1. List the strands (runs of 3 or more DSSP E) inside segment 206-285, counting only whole elements, that have at least 1 residues being under 30 Å from M3 (Cβ atoms) and touching a helix residue (DSSP H, G or I) at 6+ places or on another chain (Cβ under 6 Å).
2. Within the set of pairs 6 or more residues apart or between chains, which connect a residue that is more than 20 Å from L156 (Cβ to Cβ) inside segment 74-86 to a residue that is part of a loop (DSSP other than H, G, I, E, B) and modelled with pLDDT of 90 or more with Cβ atoms less than 8 Å apart?
3. Given (1) open to solvent by 40 Å² or more (accessible area, probe 1.4 Å); (2) at pLDDT below 95, identify the lone condition not met by L249.
4. If you check V85, V91, V99, which single one turns out to be at pLDDT below 90, of a type in the set (V, I, T) and within 23 Å of the chain's Cα centre (by Cα)?
5. Restricting to segment 170-196, and then to whatever is part of a loop (DSSP other than H, G, I, E, B) and in contact with a Phe, Trp or Tyr (Cβ under 7 Å, 6 or more places away or on another chain), can you tell me which residue is modelled with the lowest pLDDT?
6. Yes or no: D148 open to solvent by 60 Å² or more (accessible area, probe 1.4 Å) and either in contact with a helix residue (DSSP H, G or I) (Cβ under 8 Å, 6 or more places away or on another chain) or at pLDDT below 80 (or both)?
7. Restricting attention to segment 26-53, and to residues there that are in contact (Cβ under 8 Å) with a residue 24 or more places away in the chain, in a loop (DSSP other than H, G, I, E, B) and on the phi < 0 side of the Ramachandran plot, which single residue is surrounded by the fewest Cβ atoms within 10 Å (Cβ to Cβ)?
Amino acid sequence: MVMAQVVRVRNNTMRSFHIRAGDPFFTPKIDGRPCVDGIIEVPPGFDQEAEGLYIPWQALTSCGLEISEETDDVVWKVRCVLGPVDPPPSVLKSEVEAVDWLQFRGELWEPLAQGRWIQLGHRHIMGLIGGAVDMQLTFRDARWQAADEPASLVELLHFEHAVRCAPQNTVFLNVFDLASALSVPNAVLCNTLCTSLGAFHAAVEVYNEEWSFYRTPNPNSCGVCKSLRPRQHPVHVYRQSLNLGKTTLKDWEVRYLIRGQLASKWPGGRYDLLNRNCIHFCDELLLSLGVRPVPTWVKNLHEAGSRWLRIPWPLSIFFGTAQAPPALPSDERSNRGSTFSVGEEAATDMQHETASVASDTLSNSTVAGVVPVRPIFRGSPAVK
């Protein structure tokens, strides 16, 4: 099933509401503080981050995510749940049941505002395991013009994907399944119930620009690339975006940080599947941006593989000892500066790494979607 977590709650009205968590496995927190009895008070002007506030699946809850408002001794309630919808006669039932929807239900579980239900994603493994979606809940009156009667409670509820409505300086770690064949194993090993390890590709998105690190056919070419379309890739399968905090840097400062300080340290020829890959680059970039690092479950697999291949026996007999490539001296990087930007601007000439499940090796394939950056070396003006 798809798991939907409310990560932010806003109230843009002059009315007060209460939110009652309906998932017994998680304790909701507002601004890092646990909520008493799982109830969140939402007064006018409320704008706080939430943790552990999940919208439960319809078949596993008795009340759903319950949102209530008390007016004139009458308590109005709306239950928010996840689940499949009843298919129309022209659609196969199996096709509809494979998709989870965010639904609005009344106090007696009658459907409400069906035209505003939100399709969240597909499920895997017979409907038991799926993806995770971060949502923002906003209370606002979106009617075109003021009416004589106040808006009903369900009309005030607006759920949006958190990635789309976050401030521009929010830093996201976009996590991809390394290949489509690995989507199901990754979903089994890493989900909202358990997080262990998985085969992932990662990229950092900030100010609507996505950056990552790739292998290049020319070993001296810059391996840092900017995606033309964030959260889309011709080889890797987008999984989810993790909010790691907000950076205090301006947009032009972020671009100068990447081009002027990081790009020259990450040539594509030094890419290594276990010891120097896209996740290592993301970790260094996130540290420079002043936000949280890459979560452990994203990097567990390559870290475990790196440790195992360092064992002198018996694995070294077959694979050899994996060591990180030595760092280039600063003067050598400067001497090689001109090789980072010659003929590198065309996205169609970029070579990407793709996962080979059979041989666990990387092969180069010509795909579009990213643009190599041009590093800025000492003495060059900053690009704003």
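1. 209-213, 237-246
2. So the pair list comes out as V85/W117.
3. Here L249 clears every test but (2).
4. V99
5. Here the answer is S196.
6. For D148, the condition - open to solvent by 60 Å² or more (accessible area, probe 1.4 Å) and either in contact with a helix residue (DSSP H, G or I) (Cβ under 8 Å, 6 or more places away or on another chain) or at pLDDT below 80 (or both) - is met.
7. P43
The values are calculated or read from the model by the stated rules, or taken from the named source; none is laboratory data. What you see is a predicted model; the values in this text were computed from it and never measured. A quick note on method: Cβ atoms are made from the backbone with ideal geometry, for glycine too, and the neighbour counts reach across all protein chains shown. Please note that ligands, DNA and RNA were not included when accessible areas were found on the heavy atoms of the full protein model with its side chains. Shrake-Rupley method; radii C 1.70, N 1.55, O 1.52, S 1.80 Å.
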